[in-house]
Amino acid sequence: MSDPKLGWIYVITCDMYAKDGIVKIGYTEKPDLIEEEVRNALVQRYGTTLINPIIHSLTKVSNPKQAEKYVFTELIDLKIKKEIFKSDYGRIDNVISSLKKDFNPDIPYKIPEELLEKLLCRLRKKSQKIAKDISYQQTFFAWIQNNKHNLSMQNICNFQYLLNNYPNPCSIGSHFDWTKKSENQSILKMRILTAEQTFLPNNWDRCDKQLHAFLKNLLNNV
């Protein structure tokens, strides 16, 4: 069985329409993006047609196209025109909440292989910078250390492998020795190889619901 298609149902309005309960409801797939990025993309997309766009809700779903059809059917009597509805927000929120039953994105969920490989490929490309720039190493490893606790045990172990086996600076207990700055070429090659091996897709837990956001945030914040 193929992985379920994931996406987002959004309810968006603006300063002019919010007081009258007028909203636009739609879906977007954007499987490469995490929630914050989807919000930013929607604001940018509608910024030219709506004055001060406001995202009332953004809900992750499986089969987003079918989920949108379900919402439209439930709110058919409130439809003004295509994708535009007028209602008190309570009713809209109730319909959106009901999506969790039949369009639950977490049952089952695996980050798509091609998306995982795309993210890991971007991390592999950082291997030389991690190896040669001690300051960047410190920032990169510290971010992982501070944020990996919500991942599955398998994925924590993958990152822990990188932290524990990265040659010079090395881990000493729960700390790193950042004073060792050898530029020995064999050390540099070992660093690059360790990072590249860590970011190969085979050993990652694709069922980890936090993995996508973790990798995107790692890439965006470091």
What distance in nm separates the simple spin-label points at Thr48 and Gln145, each placed 7 Å from Cα in the Cβ direction?
4.6 nm
Could you tell me the relative contact order of the chain? Use alpha-carbon pairs under 8 Å, at least six residues apart, and round to a whole percent.
21 percent
For Lys81, which lysines qualify as cross-link partners when the Cα separation must be under 17 Å and same-chain residues fewer than eight apart are set aside?
Lys24, Lys69
Rounded to the nearest 0.05, what FRET efficiency is calculated for Gln128 and Asp15 with R0 set to 30 Å and r the Cβ-Cβ distance?
0.05
Option label - Rg/Rh (Cα atoms, Kirkwood Rh) computed here, alternatives (1) 1.11; (2) 1.09; (3) 1.19:
(1)
Evaluate the charge dipole of the chain about its Cα centre and quote only its size in Debye, nearest 20, assuming +1 on the Cβ of each Lys and Arg and -1 on the Cβ of each Asp and Glu.
440 debye
Just want the ordering: Val43, Val11, from fewest to most Cβ atoms lying within 10 Å of their own Cβ.
Val43, Val11
For Leu188 and Lys209, compute 0.36 nm times the residue count separating them, minus their Cα-Cα distance, and round to one decimal in nm.
4.2 nm
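A short reminder: the numbers here are calculations on the coordinates, not readings from a lab. Quantities reported herein were computed from a predicted structural model and do not represent experimental measurements. Don't worry about glycine lacking a Cβ; one is built from the backbone with ideal geometry, like all the others, and counts go over all protein chains shown.
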